[in-house]
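The values are calculated or read from the model by the stated rules, or taken from the named source; none is laboratory data. Just so you know, these numbers come straight off a predicted model, no measurement behind them. As a convention, Cβ positions derive from the backbone with ideal geometry for all residues, glycine included, and neighbour counts pool all protein chains shown. Accessible surface areas use protein heavy atoms only, side chains included; no ligands, DNA or RNA. Shrake-Rupley method; radii C 1.70, N 1.55, O 1.52, S 1.80 Å.
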Amino acid sequence: MSDPRITSSIFTRGAVDLSALRTPAPSPAPAPVQAGPPAGAPGGAVGGVTVVDVTEATFQSEVLERSLTTPVVVDFWAEWCQPCKQLSPVLEKLAVEGGGAWVLAKVDVDANPRLAQMFRVQGIPMVYAVVGGQPVDAFSGVVPEPQLRQWIQAVLKAGGVSVAEPEDPRLDEADDALMSGDLDAAEQAYRKILAETPTDAAAEAGLAQVGLARRVAGTDPQAALTAAASDPDDVDAQLLAADIEVLSGLADQAYQRLVGLVRRTSGDDREKVRQHLVGLFAIAGPEDPAVASARRALASALF
């Protein structure tokens with residue numbers, strides 16, 4: 001799950017032995033634990049999301065059992081730890097934004113050394129994700145908020161939770177610049193997002209749209225399409241025609257045009273066409289059915 005650019009996972013699945021923390025379930029079995037604090041639980045509900053202070057005595061109910069229905073993020077911290085004071089408020093903020101999709105459990109390592117030992121905590125802050133009663137991922141140290149958001153989204157997916165992506169004001173700013181025609185500002189904003197979050201598909205799509213807008217600026221669309229039709233082997237003419245087709249809502253047609261051009265070219269020209277086509281794919285995103293189909297066609301054309 002971990003992105004190596006974000007974290008360094010310090011265990012493999014099953015390496016953390018939590019069996020000593022489990023106690024036999026009473027009979028009859030308790031009802032499933034819901035996301036929310038049991039009566040009298042330590043910690044408190046923040047914005048509808050439970051932030052729980054966990055001890056060894058409450059770990060089974062607050063983390064292991066709760067994680068059977070709701071992913072739990074366990075934050076190992078200490079009062080003297082300055083990096084913890086940077087990370088914990090961000091975790092709490094994201095828990096509020098999560099709206100109950102996950103629970104933040106806080107463990108004071110000084111008060112609960114056995115828990116820290118069981119989780120092999122060698123330095124703090126240390127954060128674990130627990131899903132289905134088992135740790136599934138972890139990271140140590142302070143992680144920038146954009147990357148932390150990505151990590152939590154991956155945790156939620158591992159827990160089978162479907163949640164809406166929170167709005168990103170950075171993307172709103174970049175999109176506004178693009179829509180207003182300020183391509184330089186839009187490019188700068190998208191590149192800043194990608195520097196902080198290298199796998200942000202929305203920013204990648206936005207940056208690709210900036211490139212497309214620049215390439216077609218001042219172009220007569222009909223004249224460009226006519227020129228491409230009159231000379232099918234003019235690489236530059238075909239690339240411009242594909243750009244215009246994408247802007248006209250004919251992306252599938254543009255993809256077919258360039259896949260055909262890949263088949264007819266070689267060397268530097270072929271690579272130029274391939275890169276252009278991949279750039280157009282980025283605008284629609286990898287989940288677009290037309291992109292998936294065109295990628296298969298491109299692979300066939302190349303190999």
| Residues (among the charged types (D, E, K, R) and either farther than 16 Å from ARG274 by Cβ or open to solvent by 20 Å² or more (accessible area, probe 1.4 Å) (or both)) located in the stretch 234-248 | ASP234, ASP236, GLU245
| Is it true that some residue in the stretch 214-223 is at pLDDT 90 or above, open to solvent by less than 50 Å² (accessible area, probe 1.4 Å) and more than 21 Å from the chain's Cα centre (by Cα)? | yes
| From the residues in the stretch 88-104 that are in a loop (DSSP other than H, G, I, E, B) and of a type outside the set (A, V, I, L, M, F, W, C), which one is most open to solvent (accessible area, probe 1.4 Å)? | GLY99
| Among (1) under 30 Å from LEU194 (Cβ atoms); (2) surrounded by 21 or more Cβ atoms within 10 Å (Cβ to Cβ), which single condition is VAL107 missing? | (1)
| said: Can you list residue pairs whose Cβ atoms sit under 7 Å apart, with the first residue in the stretch 131-158 being hydroxyl-bearing (Ser, Thr, Tyr) and the second being outside any helix (DSSP H, G or I) and surrounded by fewer than 21 Cβ atoms within 10 Å (Cβ to Cβ)? Count only pairs 6 or more apart in sequence or on different chains. | reply: SER140/ILE10; SER140/GLY123
| request: For VAL161, state whether it is among the aliphatic types (A, V, I, L, M) and within 18 Å of SER67 (Cβ to Cβ). | output: yes
| note | Going through the stretch 228-269 in order, the residues found to be of a type in the set (Gly, Ala, Ser), in a helix (DSSP H, G or I) and at negative phi are ALA228, ALA229, SER230, ALA237, ALA241, ALA242, ALA251, ALA254, GLY260
| said: charged (D, E, K, R) and in contact (Cβ under 8 Å) with a residue 12 or more places away in the chain: is that true of ASP269 in this structure? | reply: yes
| said: Only one of LEU207, LEU148, LEU156 is open to solvent by 30 Å² or more (accessible area, probe 1.4 Å), among the aliphatic types (A, V, I, L, M) and part of a helix (DSSP H, G or I). Can you tell me which? | reply: LEU207
| Set VAL121, VAL143: member being outside any strand (DSSP E or B) and within 16 Å of the chain's Cα centre (by Cα) | VAL143
| request: Would you point out the residue of the stretch 159-200, among those that are modelled with pLDDT of 85 or more, of a type in the set (Asp, Glu) and surrounded by fewer than 13 Cβ atoms within 10 Å (Cβ to Cβ), that is nearest to GLN134 (Cα to Cα)? | output: ASP172
| query | Taking the stretch 63-84 on its own, how many of its residues are open to solvent by 10 Å² or more (accessible area, probe 1.4 Å), farther than 20 Å from LEU148 by Cα and assigned to a helix (DSSP H, G or I)? | reply | 2
| field | Cβ pairs under 8 Å, 6+ apart, first in the stretch 166-190 and closer than 26 Å to LEU94 by Cβ, second hydroxyl-bearing (Ser, Thr, Tyr) | value | ALA174/TYR190
| message | So in the stretch 98-110, with the set limited to residues that are under 14 Å from VAL52 (Cβ atoms) and of a type in the set (A, V, I, L, M, F, W, C), which one is nearest to the chain's Cα centre (by Cα)? | response | TRP102
